[in-house]
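*Asks:* For reference, the structure I am asking about is given below.
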Amino acid sequence: MKIVFMGTPEPAAGILQDLIRAGHQVLLVVTQPDRPRGRGQKVTFSPVKEAALKHSLPVEQPEKLKGNEGLVSRIGSLSPDVIVVVAYGRILPKATLGLPGRGCLNVHASLLPKYRGAAPIQWALLNGEKETGVTVMRVDELLDTGDIILQEKMVIEEDDDAVTLSKKLFARGSGLLLKALAQIEQGAARYIPQKGSEATHAPAIAKESGEIDWKRSARQIHDRVRALVSWPVAHTFYREKPLRILRTDANVVDLESEYVQPGTIVHIVKKAGFVVKTGGGHLLIKEVQPAAKKRMGAFDFVIGHDVKIGETLPS
């Protein structure tokens, strides 16, 4: 099929390449403008742009879609069968929706209508879900409300975080998208309306969401750590300096301790890390990143900073 592809991050780049390998004709790739990224804030291409250039595909990088008559005109002139949208980062305006002959499709990392919005993976983890999934849907004018074409469930593993779960979901979503395209081409696709009464929402994550409140339960803090591992990253303060918490284990048997204040370091586990008292249970900190330093094992941090039992991390 003739496709205009819209996407930005690494998972979207993988799906773009799968479309090409499957023999679909990608006419145009639309992605976010080049941005400063990383610690050095060097201006770099999005992963989707890198994939597009690798395959010598034309690329557009508009700052916005709404009111962009030039881009609408270009897409219309290409007469695509479908527009495929994967984590592009912008809502498609009405003028774009009517351009492809067979509609606009979106690969969404949730079991719609649950977790409509920008951060479905993060919110599924924050809420301690045991199961999630991926949906291929037809895009309409509202946010993630279009008809479902295909959907597949996936178990959230105990060691999954936002990075690993994203890779799994979009890999599964790629196969689901190819199946949906085949059904559309054959005239066999079914379009199932969402049940709006069952909808939940997954808005963009706020930067301040990363600060850890040790009065929460160990399970809640563990889920926050793995949900926010990419951004804004769960963090606390140790001796008044920021300390990112990157990996934890909530399955710690409650320890006998004279320290009852949440945030207190109550145990050092050789080669593993340190245990913190929370508002409900104990949490093993396994990997951290001190300010202006690389990520490291939490036990290495203990040795390097002479961490003491009884020290308290602020809530």
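Here, each number is a calculation from the coordinates, and none is a lab measurement. Note that this is a predicted model, so its numbers are computed, not measured. So basically every Cβ, Gly included, is an ideal-geometry build from the backbone, and we count neighbours across all protein chains shown.
*Asks:* Work through the residues other than residue 110 whose Cβ is under 11 Å from its Cβ and net out their charges, Lys, Arg +1 and Asp, Glu -1.
*Replies:* Net of charged neighbours comes to 0.
*Asks:* Find, to one decimal place in angstroms, the Kirkwood hydrodynamic radius of the range 39-124, where the mean of 1/r is taken over every pair of different Cα atoms and then inverted.
*Replies:* When all Cα pairs of the range 39-124 are included, the Kirkwood radius is 15.1 Å.
*Asks:* Same structure, new question: With no solvent and one point per C-alpha, what does the Debye sum give as log10 I(q)/I(0) for the chain at q = 0.08, 0.14 Å⁻¹?
*Replies:* -0.44, -1.03
*Asks:* From the convex hull of the Cα coordinates of the range 164-315, what is the mean projected area in square nanometres?
*Replies:* About 12.4 nm², averaged over all directions.
*Asks:* What net charge do the residues around residue 191 carry, taking every other residue with its C-beta under 10 Å from that of residue 191, with Lys and Arg at +1 and Asp and Glu at -1?
*Replies:* Combined, the nearby Lys, Arg, Asp and Glu give +1.
*Asks:* So, one more: Give me the distance between the Cα centres of the range 89-168 and the range 211-246, rounded to whole Å.
*Replies:* 26 Å
*Asks:* I want to check a number: in the range 2-198, how many lysine pairs have alpha carbons closer than 13 Å, given a sequence separation of 8 or more or different chains?
*Replies:* Lysine pairs satisfying the spacing and distance rule in the range 2-198 number 5.
*Asks:* If you find the alpha carbon centre of the range 190-205 and of the range 1-74, how far apart are they in angstrom?
*Replies:* Computed from Cα coordinates, the inter-centre distance equals 26 Å.
*Asks:* Using the Kyte-Doolittle scale, find the helices of the chain whose mean hydropathy is at least -0.5 and whose Cα atoms extend 27 Å or more along the helix's long axis, counting only whole DSSP H runs.
*Replies:* Span-like helices here: 162-186.
*Asks:* Between the DSSP loop rule and a limit of at most 10 other Cβ atoms within 10 Å, which trypsin sites (Lys or Arg not before Pro) in the range 271-315 are left?
*Replies:* Answer in residue order: 271, 294, 308.
*Asks:* What percentage of all Cα-Cα pairs in the range 189-248 are separated by more than 12 Å?
*Replies:* Summing the P(r) tail past 12 Å for the range 189-248 gives 72 percent.
*Asks:* Please list, in chain and number order, the residues 5+ apart from residue 201 or on another chain whose amide H is under 5 Å from its amide H, with Hs placed from the backbone.
*Replies:* Sorted by chain and number, the residues that satisfy this are 115, 116.
*Asks:* First select every other residue whose beta carbon is under 10 angstrom from the beta carbon of residue 97; then total the charges, Lys and Arg +1, Asp and Glu -1.
*Replies:* Here the count lands on 0.
*Asks:* OK, next. Report the trypsin sites (Lys or Arg not before Pro) located in the range 185-245 that are in a DSSP loop and have at most 11 other Cβ atoms inside 10 Å of their Cβ, or state none.
*Replies:* Those that pass, being in a loop and sparsely packed, are 190, 195, 239.
*Asks:* Using helices alone, I'd like the mean residue ellipticity at 222 nm for the chain: each DSSP H run of four-plus residues gives -39500 (n - 2.57), total over residue count, nearest 500.
*Replies:* -8000 deg cm²/dmol
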